[in-house]
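Structure, as structure tokens:
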Amino acid sequence: MYELIDGIISIFGGVLIYLIGSGKVRITSNQDKNESLKNRFRSISKVVTPILIIFGVIQLGTVFLT
């Protein structure tokens, strides 16, 4: 049960970090602050996003295949 929730949260978090890093989702209404956050998350999203999504898929695979 916890593996299912963990997998879903990991995939959702990976997609959300990707959307923030690419600038498709705005975090704040302040444009300057939003640009600085986007620049900060861009470098993090290149590394963390694939790891989180792969981890989530593996977690979901273990739930549904066992």
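The values are calculated or read from the model by the stated rules, or taken from the named source; none is laboratory data. What you are looking at is a predicted structure, and each value in this text was computed from that prediction instead of being measured. Don't worry about glycine lacking a Cβ; one is built from the backbone with ideal geometry, like all the others, and counts go over all protein chains shown. Protein only, heavy atoms only, side chains kept; ligands, DNA and RNA dropped before computing areas. Shrake-Rupley method; radii C 1.70, N 1.55, O 1.52, S 1.80 Å.
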Kirkwood hydrodynamic radius of the chain, Cα pairs, Å: 12.5 Å
Unit charges at the beta carbon, dipole of the chain: most positive-side option, Y18, I53, L65: Y18
Euclidean distance of C-alpha centroids, the range 40-66 and the range 1-37, integer Å: 13 Å
The chain: angle of helix 2-22 to the longest principal axis, Cα-based, in degrees nearest 10: 20 degrees
Point-to-point label distance, K24-M1, nm (Cα→Cβ direction, 7 Å offset): 3.3 nm
V48 accessible area, 1.4 Å probe, all protein chains in place, Å² to nearest 10: 50 Å²
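Using unit Cβ charges (K, R positive; D, E negative) and no other charged atoms, how large, in debye to the nearest 20, is the dipole of the chain about its Cα centre?
In debye, rounded to 20, the chain gives about 360.
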Between 0 and 90°, nearest 10: helix 31-65 axis offset from the chain longest Cα axis: 10 degrees
